[in-house]
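For reference, the structure is listed below as structure tokens.
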Amino acid sequence: MLRRESTGPAFRLMSKPDAEIVQFDNVGLRYGTGKEVLTDISFTLYPGSFYFLTGASGAGKTSLLKLLYLSQRPSRGLIRMFGTDAITLPRERLPGFRRRIGVVFQDFRLVPHLSAFDNVALPLRVAGVSEREIARPVADMLDWVGLGDRRHARPATLSGGEQQRVAIARAVIARPDMLVADEPTGNVDPEMALKLLRLFESLNRLGTTVVVATHDLHLIRDVPESLIMRLDKGRLADPTGALRYPPRRAASPSPAEATAR
Amino acid sequence: MTALASRIPGLAAWRNRANGDVRLLPQGHLSGPMPWVIAIMIALTIVAAGSGLALRNAARAASADLEGGVTVQIVSAAPAERNRQADAAVAALKGMVGVAAVHRVAQSDLEALVEPWLGTRPGDDIEALPIPALIDVRLSGPAGRDRIAALRARIIPVAPAARVDAQAGWLAPVFAAIGALQWLAGGLIALLALATVASVLLASRNALGNHRETIEIVHMLGGTDRQIARVFQRGMAVDAAAGGMAGLLLGLATIFMLGRQFAPLGSGMMGAAALGWSDWLLLAAIPMLGVALAVLTARLTVLAALRKML
Ligand SMILES: Nc1ncnc2c1ncn2[C@@H]1O[C@H](COP(=O)(O)OP(=O)(O)OP(=O)(O)O)[C@@H](O)[C@H]1O
Ligand SMILES: [Mg+2]
């Protein structure tokens with residue numbers, strides 16, 4: 001901690017070239033001219049880790065995730081993602097970054113005029129994967145979330161839980177480097193919630209960094225190796241010590257971290 | 001975990017490609033007013049362009065006819081003196097270089113020409129009327145100012161009553177009027193193009209507004225501005241192509257009917273106004289230019305609007 005204060009962020013960033021997948025440094029966010037909804041947010045996410053983000057309603061979970069999936073720029077602070085400064089990232093490089101991030105939106109955000117199948121296929125089509133290579137994985141994924149027989153259904157004709165499962169299928173179909181899920185189990189029964197959690201875990205085992213925002217403490221208990229971030233009125237608490245430098249559990253500590261320890 | 005296990009070959013390579021072809025938005029072509037607007041614009045443009053081309057052809061034909069033409073009039077009340085001066089002028093002209101042909105219009109022809117106005121009642125002495133003698137001169141080149149001056153210098157000494165005029169000079173006001181009409185046609189075409197751009201711009205903005213949410217989602221999934229713009233472009237291309245076809249048929253039919261209306265007005269200038277094959281080709285290219293303009297406008301509008309989104 002001392003080291004962190006005595007050296008500038010630039011030095012620290014340079015000393016750990018690509019150990020972290022995401023790094024926030026004194027990030028603040030305000031919407032328009034309102035008061036800050038996120039204040040002094042500093043943390044590091046390591047590749048292959050599984051994070052839960054908790055906090056009361058209105059604490060700023062969705063706002064923090066928006067910064068993570070690059071739908072919002074912070075009002076201040078530094079953000080690095082995939083080894084690149086995300087603040088000064090030129091607009092035309094955003095799509096390439098976003099294709100590495102799978103997002104489950106709190107309000108699903110399915111495309112209303114597309115079928116469940118086409119919604120799930122969307123990230124692959126955007127990435128230019130050919131139709132021939134899309135059909136199988138998308139069908140398999142829909143089967144797996146229990147919507148194989150609803151593949152032609154429009155979102156409006158699906159139940160909330162079904163929409164949520166389509167949203168999750170769409171977020172993981174392209175096997176992103178990072179999965180960001182906002183209350184992904186809010187609308188499904190506990191059994192399905194557990195099943196979806198297993199999906200996230202298997203994705204995590206394949207190397208994807210997972211960040212799940214949830215109120216559901218049962219869910220958190222189901223992933224014992226997970227790290228917890230807690231937001232309280234826009235400020236970050238660190239109950240598991242996951243976010244300290246160096247973190248209590250990093251996927252692969254770099255030499256720089258070893259010396260810092 | 002079959003879902004994740006089924007491999008998607010080539011995904012990594014595709015990931016940073018920005019040109020996946022995606023059906024992102026509902027393709028609601030041919031339902032809105034766009035094809036009709038384009039059809040009307042194209043039809044009006046074709047009529048304006050057709051008229052402009054016909055006027056140009058008429059003016060060209062006429063000026064080619066008149067270019068080397070010079071009229072010499074001998075204005076004298078005394079028939080004997082008139083004849084003498086006319087003969088002297090013809091003789092002088094025949095010896096000049098650059099004069100291709102000299103033709104004295106027979107006095108009887110002139111009388112026949114003025115007869116409808118003056119009448120031929122028995123006892124009228126048409127010879128008593130001061131009808132000028134007319135000499136039609138054809139130069140080998142255009143009848144410019146100095147050529148006319150040279151002719152004058154040669155004729156006036158032998159025929160003091162002579163008046164020498166370039167034939168094109170008489171028609172100068174007609175040419176000026178035709179020129180003005182051509183500018184009018186050009187101006188109309190420019191205004192029509194502007195109106196087309198404006199309506200495509202409005203339609204594109206409207207479509208963007210309607211699909212804003214989908215566009216945001218596609219952006220979040222890593223879709224590029226070009227991918228999104230291409231969807232709108234394609235929609236506009238289909239609309240504009242349909243409208244362009246209809247406009248082409250409507251415009252050509254109008255020009256054809258106008259041509260039939262004008263044909264009986266006589267040979268002369270109207271015959272010369274007929275459109276050549278290159279003119280028809282140009283008219284047929286107007287819908288294609290219209291489609292290109294519409295698609296380009298849609299593309300630029302959408303890209304400009306997307307650039308304001310994160
Ligand atoms: N677009 C916005 N414009 C203005 N204020 C916003 C906007 N989005 C969120 N806020 C405010 O920011 C604060 C944090 O909201 P946020 O959605 O991040 O909370 P949350 O932790 O996700 O809550 P929940 O658990 O209910 O989803 C709230 O006070 C909210 O009113
Ligand atoms: Mg939220």
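The values are calculated or read from the model by the stated rules, or taken from the named source; none is laboratory data. The structure displayed is predicted, hence computed values, not measured ones. With ideal geometry, Cβ positions are generated from the backbone for all residues, glycine too; neighbour counts draw on all protein chains shown. Side chains are part of the model used for accessible areas, which takes the heavy atoms of the whole protein and leaves out ligands, DNA and RNA. Shrake-Rupley method; radii C 1.70, N 1.55, O 1.52, S 1.80 Å.
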With labels modelled as points extended 7 Å from the Cα through the Cβ direction, what inter-label distance (nm, one decimal) is found for B:Ala285 paired with B:Phe256?
2.3
In order over the stretch A:155-160: 3J(HN,Hα) from phi, Karplus 6.51/-1.76/1.60, θ = phi - 60°, whole Hz, x for each Gly or Pro, gives x, 4, 9, 9, 6, x
For the stretch A:60-101 the residues that are at least 50 Å² less accessible with all protein chains than alone, 1.4 Å probe, are A:Arg91, A:Arg98, A:Arg99
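Pairs A:Lys66/A:Lys233; A:Lys35/A:Lys61; A:Lys61/A:Lys233; A:Lys195/A:Lys233: which are spaced more than 21 Å apart, C-alpha to C-alpha? Present the calculation step by step, with values, prior to reporting the outcome.
Details: A:Lys66/A:Lys233 16 Å; A:Lys35/A:Lys61 16 Å; A:Lys61/A:Lys233 10 Å; A:Lys195/A:Lys233 31 Å.
Violating the 21 Å limit, Cα to Cα: A:Lys195/A:Lys233.
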With labels modelled as points extended 7 Å from the Cα through the Cβ direction, what inter-label distance (nm, one decimal) is found for B:Leu300 paired with B:Ala263?
4.2
Could you give the length gained by full extension between A:Ile87 and A:Ala135, i.e. 0.36 nm per residue of separation minus their alpha carbon distance, to one decimal place?
13.6 nm
Go through A:216-227, B:132-143, B:287-298 and give me the packing order, highest mean Cβ count within 10 Å leading.
B:287-298, B:132-143, A:216-227
Please tell me the relative contact order of the stretch A:13-148 in percent, rounded to the nearest whole number, where contacts are Cα pairs under 8 Å and at least six residues apart.
21
Over the stretch B:76-160, relative contact order from alpha-carbon pairs under 8 Å, at least 6 apart, %:
49
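Taking each residue in B:221-232, count the Cβ atoms of any other chain within 10 Å of its Cβ, then average. What number comes out? Write out the running numbers ahead of the final one.
On the way: counts 18, 15, 8, 7, 4, 2, 4, 1, 0, 0, 0, 0.
Other-chain Cβ atoms within 10 Å of each residue's Cβ, averaged: 5.
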I need the calculated FRET efficiency for the pair B:Arg307 and A:Ser159, taking r as the beta carbon distance and R₀ as 45 Å, to the nearest 0.05.
0.75
Give, to the nearest whole percent, the P(r) tail of the stretch B:76-160 beyond 20 angstrom, counting all Cα pairs.
42
Have a look at B:Leu202, B:Ala168, B:Ala185 and report the one farthest towards the positive end of the charge dipole of the stretch B:149-217, computed about the Cα centre with Cβ charges (Lys/Arg +1, Asp/Glu -1).
B:Ala168
Point-to-point label distance, A:Ala56-B:Arg84, nm (Cα→Cβ direction, 7 Å offset):
12.7
Inter-chain shielding of A:116-127 (mean C-beta neighbours from other protein chains, 10 Å cut-off):
6
